[in-house]
Amino acid sequence: MKTKAAVLYEVNTEMPFRKSVPLKIEEVELMEPGIGEVVIKVMAAGLCQSDISVIKGSIERPLPMIIGHEAAGVVYKTGEGVTGLKAGDKVITTFIPSCGKCIPCSEGRPGLCEPGVESNKKGELFNGGKRFNVRNRDVSTHVGVSAFSEYTIVSENSLVKVDTEVPYEILALFGCSVVTGVGAVINSAKLQLGQTIAILGLGGVGFSSLLGAKAAGASRIIAIDINEKKLNMVKEMDPLIEVYTPSEIKDKNILVDLAVETAGVSAALKLGFDLLKRGGRLVTTGLPGMQNKIDIPIMEITFQEKEIKGSYLGSCVPKRDIPRFLNLYEKGLLDLDRLLSKTIQLEDINEGFDDLMSGEYIRIVAKI
Ligand SMILES: [Zn+2]
Ligand SMILES: [Zn+2]
């Protein structure tokens, strides 16, 4: 069948994207689903900073590729051997397929699934191979999802079924921002009731972390971003959250139990480390280029028992955590409506990424 999709043919560092147009909207051939695979009618897909990392080449992926990794949709058709899903089911994608059998999966760490990471690296589906084709050229799948397409083929292992009336543009956020942001606070930083926490960077992930920290009962939440507009938004949402720019917080003598860095900037990670109390834990979800490093005094780690921890997929178990987080949203305990800055059409995706880069928006979602 044919599907309209946003195809990335080559790495593009030229901004603005509205001029250089790295993503071409094209009609692409979608093959039949293989064993254990599902055709999804994508309803909404979020624009994420890590998509920009792929466009700019700081995350290397096999091109051409249909990018996008945060989506919600409906099962259109199932391939052979699919047992857990049927046509009409609502699903949220996850950006690591999990086999359920490898050691990390067995240990409850599906975000580190070994075959899942391998197939993602190759731009293939979990069972191998590519399912998109344009002018007789195979097109890679982005982390098993390829969300910026009307229809996509996804392994059953990359999907979480949900039973809800929540609109798709909100549901899509659960695919990356929410699992990553809320998960970083709950699963990676392991926030305990009454602890203090700093969140560095207020994009979709950072904002989700903030909401997660609120829901989990942090006694003091510090939000840090270079953009004053975002800080004001946070202040308006909850006057109890303290907001600072990085330069403002430096001479405030504030120390916290936990810090979560979501900006993907070395200076933000270093600031997070400096804000830790003795015995504190710093978590990062950032994905800057491979050349980005930080310089920290090792003695401080030893003497003060400070921890630095990476968080991928928010250390979530998607089948467990997505329904839990969704339930919190439905009960009004995770105010994700504030995350959604605006919705766009698939055709406006290049402009959408420019807007995301401007730092003025938290999350932009394409309705597909
Ligand atoms: Zn993402
Ligand atoms: Zn696995």
Report summary line: Filtering GluC sites (Glu not before Pro) in segment 100-200 by DSSP loop and by at most 14 other Cβ atoms within 10 Å leaves Glu107, Glu165
Query - With Cα atoms, 0 to 90° folded angle of helix 228-237 axis to the chain main axis - result: 90
Query raised in the report: So how far, in whole Å, is the C-alpha centre of segment 87-127 from the one of segment 274-316?
Result: 26
Query raised in the report: So who's got an amide H within less than 5 Å of the one on Gly286, skipping anything under 5 residues away but keeping other chains? H placed 1.01 Å off N, in plane.
Result: Gly264
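Please return the longest range in the chain lying between exposed loop sites, taking trypsin sites (Lys or Arg not before Pro), DSSP loop only, at most 14 other beta-carbon atoms within 10 Å, and leaving the sites out.
Segment 1-85 is the longest.
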Query raised in the report: Arranged by the count of other C-beta atoms within 10 angstrom, fewest first, what order do Cys102, Cys48, Cys113 take?
Result: Cys102, Cys113, Cys48
Query raised in the report: Amide H of Phe126: which non-local residues (sequence gap of 5 or more, or other chain) have their own amide H closer than 5 Å, using H built in the peptide plane?
Result: Ser155
Report summary line: Restricting to aspartates and glutamates and to Cα separations under 14 Å from Lys277, and discarding same-chain partners fewer than 8 apart, the set is Asp257, Glu300, Glu305, Glu307
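Rounded to the nearest 500, what is the chain's calculated 222 nm mean residue ellipticity when only DSSP H runs of at least 4 contribute -39500 (n - 2.57) each, over all residues?
Estimated from H runs of four or more residues: -7000 deg cm²/dmol.
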**Report entry** Order of Met43, Met65, Met1, Met290 - criterion: other Cβ atoms within 10 Å of each residue's Cβ, fewest first
**Finding:** Met290, Met1, Met43, Met65
Report summary line: Once phi for every residue in segment 268-275 is put through the Karplus expression 6.51 cos²θ - 1.76 cosθ + 1.60 (θ = phi - 60°), the whole-Hz ³J(HN,Hα) values, with Gly and Pro written as x, are 5, 5, 5, 4, x, 5, 5, 7
Query - Helix axis angle, 318-330 relative to the chain longest principal axis, alpha carbon, degrees - result: 70
Query raised in the report: Counting other Cβ atoms within 10 Å, which GluC sites (Glu not before Pro) in segment 287-337 have at most 15 and lie in a DSSP loop?
Result: Glu305
**Report entry** Calculated FRET efficiency for the pair Glu14/Tyr244, C-beta based, R₀ 45 Å, to 0.05
**Finding:** 0.85
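How many lysine pairs does segment 116-246 hold where the Cα atoms are under 19 Å apart and the two sit 8 or more places apart or on different chains?
Pairs that pass both the separation and distance tests number 5.
Could you put Ile40, Ile199, Ile52 in order, starting from the residue whose Cβ has the fewest other Cβ atoms within 10 Å?
Listed from fewest to most nearby Cβ atoms, that is Ile52, Ile40, Ile199.
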**Report entry** Residues with amide H under 5 Å from that of Asp138, placed H, sequence gap 5 or more
**Finding:** none
Query raised in the report: Can you work out ³J(HN,Hα) from phi for every residue in segment 91-97, in order, using Karplus 6.51 cos²θ - 1.76 cosθ + 1.60 and θ = phi - 60°, giving whole Hz and x for Gly and Pro?
Result: 9, 10, 8, 10, 8, 9, x
Report task. Just need the Rg to Rh number for segment 181-311, please, alpha carbons only, Kirkwood Rh. Result -> 0.93
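Every read-out reported here was derived from the displayed coordinates using simple, explicitly stated rules and does not represent laboratory data. Every value quoted in this text rests on a predicted model; they were computed, and no experiment measured them. For neighbour counting, all protein chains shown are included, and Cβ atoms are generated from backbone atoms with ideal geometry for every residue, glycine included.
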